[in-house]
1. Go through the residues of the stretch 57-64 one by one and say whether even a single one is open to solvent by 40 Å² or more (accessible area, probe 1.4 Å), in contact with a strand residue (DSSP E or B) (Cβ under 8 Å, 6 or more places away or on another chain) and closer than 30 Å to E123 by Cα.
2. Sort out which residues of the stretch 66-91 are in contact with a strand residue (DSSP E or B) (Cβ under 9 Å, 6 or more places away or on another chain) and not hydrophobic (A, V, I, L, M, F, W, C), and write them in order of number.
3. Any idea which of I136, I101, I52, I80 is closer than 30 Å to Q165 by Cα and open to solvent by 70 Å² or more (accessible area, probe 1.4 Å)?
4. Looking only at residues in the stretch 8-23 that are in contact with a strand residue (DSSP E or B) (Cβ under 8 Å, 6 or more places away or on another chain) and not acidic (D, E), which one is most open to solvent (accessible area, probe 1.4 Å)?
5. Looking only at the stretch 57-80, count every residue that is modelled with pLDDT of 85 or more, in contact with a Lys or Arg (Cβ under 8 Å, 6 or more places away or on another chain) and not in a strand (DSSP E or B) and tell me the total.
6. Is there a residue in the stretch 27-41 that is open to solvent by 20 Å² or more (accessible area, probe 1.4 Å), free of Cβ contacts under 8 Å to residues at least 12 places away in the same chain and either within 19 Å of R86 (Cα to Cα) or out of contact with any helix residue (DSSP H, G or I) (no Cβ under 6 Å at 6 or more places or on another chain) (or both)?
7. May I ask you to verify whether L163 is open to solvent by 100 Å² or more (accessible area, probe 1.4 Å) and modelled with pLDDT of 85 or more?
8. Regarding the stretch 39-51, can at least one residue be identified that is in a loop (DSSP other than H, G, I, E, B) and small (G, A, S)?
Amino acid sequence: HEALSMLFEPGYMRVDHALQNQSTFNAELEGAILCVVEETDLTKNTSAYNRIKDWVTSPKLSIHGKGGTPYMIDNTTHFIHAANPRNACPIFPGDTRITMIHVREKPKNPIPKRILMQTLAAEAPDFLGAITKLEIPESHSRLRVPVIVTDDKITAQNSSRDLLQQYVAEECHYFPGAVISVSD
């Protein structure tokens, strides 16, 4: 997300405070495009989890600055949640809001961060030019683009099932029109 921050200036914002604070103050979300949540365990903070669910899907955001009156704006936010434990961002079967990517081990010959960031900064204008020419697939969902389904996301979804859900997913099969009596 640090590299992406070069593409969103202004518009890049760390939002951990707005997500976790006890008040509803969230003025930092105004004008934000790329919102980063770093190492926040959403399974342990249900208030933060509910806020981010709302912020991801709502077409409008209620902005509340400290000492101010809340007002509504168009929602331009997109979120990156970076965390070490996989379950810090709960992903349930059928969730269409989240793409999950597991960053695996370091490359054998990593580029030093300072050189990498300088190189990315030099490439940013060409990169932005290329992505503005991409055709985005049409989406009829509440989100603007289809979510990418990765093997990591499928694993995370499956691990969030309770025992009954796991049994049904593994042992039961849907056959339209077929019935089994309760006694059977």
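The values are calculated or read from the model by the stated rules, or taken from the named source; none is laboratory data. Nothing here was measured: the structure is a model prediction, and the numbers come from that model. Methodologically, a virtual Cβ is constructed for each residue, glycine included, from the backbone with ideal geometry; neighbour enumeration extends over all protein chains shown. Calculation scope for accessible area: heavy atoms of the full protein, side chains included, ligands and nucleic acids excluded. Shrake-Rupley method; radii C 1.70, N 1.55, O 1.52, S 1.80 Å.
1. Checking the stretch 57-64: not a single residue is open to solvent by 40 Å² or more (accessible area, probe 1.4 Å), in contact with a strand residue (DSSP E or B) (Cβ under 8 Å, 6 or more places away or on another chain) and closer than 30 Å to E123 by Cα.
2. Within the stretch 66-91, P70, Y71, D74, N75, T76, T77, H78, H81 qualify.
3. On the way: I136 fails: closer than 30 Å to Q165 by Cα; I52 fails: open to solvent by 70 Å² or more (accessible area, probe 1.4 Å); I80 fails: open to solvent by 70 Å² or more (accessible area, probe 1.4 Å).
Answer to the check: I101.
4. Residues of the stretch 8-23 that are in contact with a strand residue (DSSP E or B) (Cβ under 8 Å, 6 or more places away or on another chain), as a first pass: 8, 11-16, 19.
Filter once more, so that each one left must be not acidic (D, E): 8, 11-15, 19.
Working: F8: 58, G11: 9, Y12: 57, M13: 67, R14: 111, V15: 0, L19: 1 Å².
Result: R14.
5. Qualifying residue count for the region: 1.
6. no
7. In short, yes.
8. No, the stretch 39-51 contains no residue that is in a loop (DSSP other than H, G, I, E, B) and small (G, A, S).
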